[in-house]
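Novice: What follows is a structure written as structure tokens; I'll ask about it next.
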Ligand code: CDP
């Protein structure tokens, strides 16, 4: 299993998906899970800061991330990328009960796979799979990350990063044994090749 973590717009989803395709492994986008819970919270009219209300929604939620993102059967593939979700997701993801509910689903998903796995998020190498065979921490300059996020804008991207780094439970940080790759100005292909080389090189 390869764990890929990093801030918003660092290239995690794109690189992780391309890596999984190159290896013919399964891929899990854990950010999509936190985003899906956030759409359900908003759809139910619950405040993202209502700790117990949000926790109840997360623990009852049935979530799929492939081929489209669904929560409780509802296709939220487009909605999870919208501004209301960008605005609320970091508060939802800081809720310890939400994290516990998502982490157990992530571990169960990996246990059920018959192939290798690529899992991407914020806490995969540090908390969810500390024994991952390879941990990668992707970074990029803020201007490049904001450019990749397009409509979201630099202010929202850096606000989410700050919230993700500052939270008490499973903050965004590099695992001490993760390799760091700065993706600024580099192609997806180059980054994928670098990770494949690391996988082949015994450490
Ligand atoms: O695509 P982007 O990198 O902007 O974000 P994402 O991976 O879709 O994650 C959205 C949000 O979910 C992040 O800002 C975090 O607040 C949260 N998240 C998390 O807390 N833990 C994870 N393993 C993945 C995402």
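The values are calculated or read from the model by the stated rules, or taken from the named source; none is laboratory data. Since the structure is predicted, the reported quantities are computational estimates derived from the model, not experimental observations. Glycine gets a Cβ as well: all are built from the backbone with ideal geometry, and neighbour counts include every protein chain shown.
Novice: Of the residues 97, 108, only one is out of contact with any strand residue (DSSP E or B) (no Cβ under 9 Å at 6 or more places or on another chain), part of a helix (DSSP H, G or I) and touching a residue at least 12 places away in the same chain (Cβ under 8 Å); which? I'd like the intermediate steps shown before the answer.
Specialist: Numbers: 108 fails: touching a residue at least 12 places away in the same chain (Cβ under 8 Å).
The match here is 97.
Novice: Here's something else I'd like to know. Scan the range 19-26 and give yes if some residue there is in contact (Cβ under 8 Å) with a residue 40 or more places away in the chain and within 13 Å of the ligand (Cβ to nearest atom), otherwise no. Step through it out loud before you land on a result.
Specialist: To start, the set of residues in the range 19-26 that are in contact (Cβ under 8 Å) with a residue 40 or more places away in the chain comprises 19-20, 22-26.
Pick out the ones that are also within 13 Å of the ligand (Cβ to nearest atom) and you get none.
Looking through the range 19-26, none of the residues is in contact (Cβ under 8 Å) with a residue 40 or more places away in the chain and within 13 Å of the ligand (Cβ to nearest atom).
Novice: Please count how many residues of the range 119-136 are more than 17 Å from residue 20 (Cβ to Cβ) and within 13 Å of the ligand (Cβ to nearest atom).
Specialist: Going through the range 119-136, the residues more than 17 Å from residue 20 (Cβ to Cβ) turn out to be 122-123, 126-127, 130-131.
Next, only the ones that are within 13 Å of the ligand (Cβ to nearest atom) stay: 122-123, 126-127.
Adding up the residues that qualify gives 4.
Novice: Looking only at residues in the range 75-95 that are in contact with a helix residue (DSSP H, G or I) (Cβ under 8 Å, 6 or more places away or on another chain) and loosely packed, with under 14 Cβ neighbours inside 10 Å, which one is nearest to residue 54 (Cα to Cα)?
Specialist: Applying the first criterion (in contact with a helix residue (DSSP H, G or I) (Cβ under 8 Å, 6 or more places away or on another chain)) to the range 75-95 yields 76, 79-81, 83-95.
Now drop any that are not loosely packed, with under 14 Cβ neighbours inside 10 Å, which leaves 83-84.
Numbers: 83: 19, 84: 16 Å.
Step by step, filter the range 75-95, then rank; the result is 84.
Novice: Residues 53, 45, 6: which one is near the ligand (Cβ under 9 Å from one of its atoms) and either in contact with a strand residue (DSSP E or B) (Cβ under 9 Å, 6 or more places away or on another chain) or at pLDDT 95 or above (or both)? I'd like the intermediate steps shown before the answer.
Specialist: Numbers: 53 fails: near the ligand (Cβ under 9 Å from one of its atoms); 45 fails: near the ligand (Cβ under 9 Å from one of its atoms).
Testing whether each residue is near the ligand (Cβ under 9 Å from one of its atoms) and either in contact with a strand residue (DSSP E or B) (Cβ under 9 Å, 6 or more places away or on another chain) or at pLDDT 95 or above (or both) leaves just 6.
Novice: May I ask you to list the residues in the range 106-118 that are under 23 Å from residue 168 (Cβ atoms) and either crowded, with 18+ Cβ neighbours inside 10 Å or more than 13 Å from the ligand (Cβ to nearest atom) (or both)?
Specialist: Within the range 106-118, just 106 meets the criteria.
Novice: Separate question: On the given criteria, is residue 85 touching a residue at least 24 places away in the same chain (Cβ under 8 Å), within 17 Å of the chain's Cα centre (by Cα) and away from the ligand (no atom under 12 Å from the Cβ)?
Specialist: Details: touching a residue at least 24 places away in the same chain (Cβ under 8 Å): yes; within 17 Å of the chain's Cα centre (by Cα): yes; away from the ligand (no atom under 12 Å from the Cβ): no.
Here the answer is no, as residue 85 does not meet what is asked.
Novice: For the range 9-18: of the residues being within 17 Å of residue 81 (Cβ to Cβ) and surrounded by fewer than 21 Cβ atoms within 10 Å (Cβ to Cβ), which is farthest from the ligand (Cβ to nearest atom)? Let's see the steps before the verdict.
Specialist: Residues of the range 9-18 that are within 17 Å of residue 81 (Cβ to Cβ), as a first pass: 9-14, 16-17.
If we keep only those that are surrounded by fewer than 21 Cβ atoms within 10 Å (Cβ to Cβ) too, we end up with 13-14, 17.
Numbers: 13: 6, 14: 9, 17: 12 Å.
Selected residue: 17.
Novice: Could you tell me which numbered condition residue 190 fails, if it satisfies all but one of (1) within 13 Å of the ligand (Cβ to nearest atom); (2) loosely packed, with under 15 Cβ neighbours inside 10 Å?
Specialist: Evaluating residue 190 over (1) within 13 Å of the ligand (Cβ to nearest atom); (2) loosely packed, with under 15 Cβ neighbours inside 10 Å leaves (1) as the failure.
Novice: Applying the selection to the range 27-65, what residues are closer than 19 Å to residue 113 by Cα and without any contact (Cβ under 8 Å) to a residue 12 or more places away in the chain?
Specialist: Answer for the range 27-65, where residues must be closer than 19 Å to residue 113 by Cα and without any contact (Cβ under 8 Å) to a residue 12 or more places away in the chain: 62, 64.
Novice: Give the range 143-166 a look and list any residue that's under 20 Å from residue 14 (Cα atoms) and more than 10 Å from the ligand (Cβ to nearest atom), or say none.
Specialist: Once the filter is applied, which keeps residues that are under 20 Å from residue 14 (Cα atoms) and more than 10 Å from the ligand (Cβ to nearest atom), the range 143-166 yields 143, 144, 146, 147, 150, 151, 153, 154, 158.
Novice: Another question, if that's okay. Based on this model, can you work out whether residue 31 counts as within 10 Å of the ligand (Cβ to nearest atom) and farther than 16 Å from residue 76 by Cα?
Specialist: Details: within 10 Å of the ligand (Cβ to nearest atom): yes; farther than 16 Å from residue 76 by Cα: no.
So residue 31 fails the test.
Novice: Report every pair of residues separated by at least 6 positions or lying on different chains whose Cβ atoms are under 6 Å apart, first residue within the range 143-157 and in contact (Cβ under 8 Å) with a residue 60 or more places away in the chain, second more than 12 Å from the ligand (Cβ to nearest atom) and part of a helix (DSSP H, G or I).
Specialist: Within 6 Å, the pairs are 146/154.
Novice: Further question: Yes or no: the range 10-29 includes at least one residue that is touching a strand residue (DSSP E or B) at 6+ places or on another chain (Cβ under 7 Å) and more than 19 Å from residue 192 (Cβ to Cβ). Write out each step before concluding.
Specialist: Let us first name the residues in the range 10-29 that are touching a strand residue (DSSP E or B) at 6+ places or on another chain (Cβ under 7 Å), namely 10-13, 15-17, 19-20, 25-29.
Retained after the next criterion (residues that are more than 19 Å from residue 192 (Cβ to Cβ)): none.
There is no residue in the range 10-29 that is touching a strand residue (DSSP E or B) at 6+ places or on another chain (Cβ under 7 Å) and more than 19 Å from residue 192 (Cβ to Cβ).
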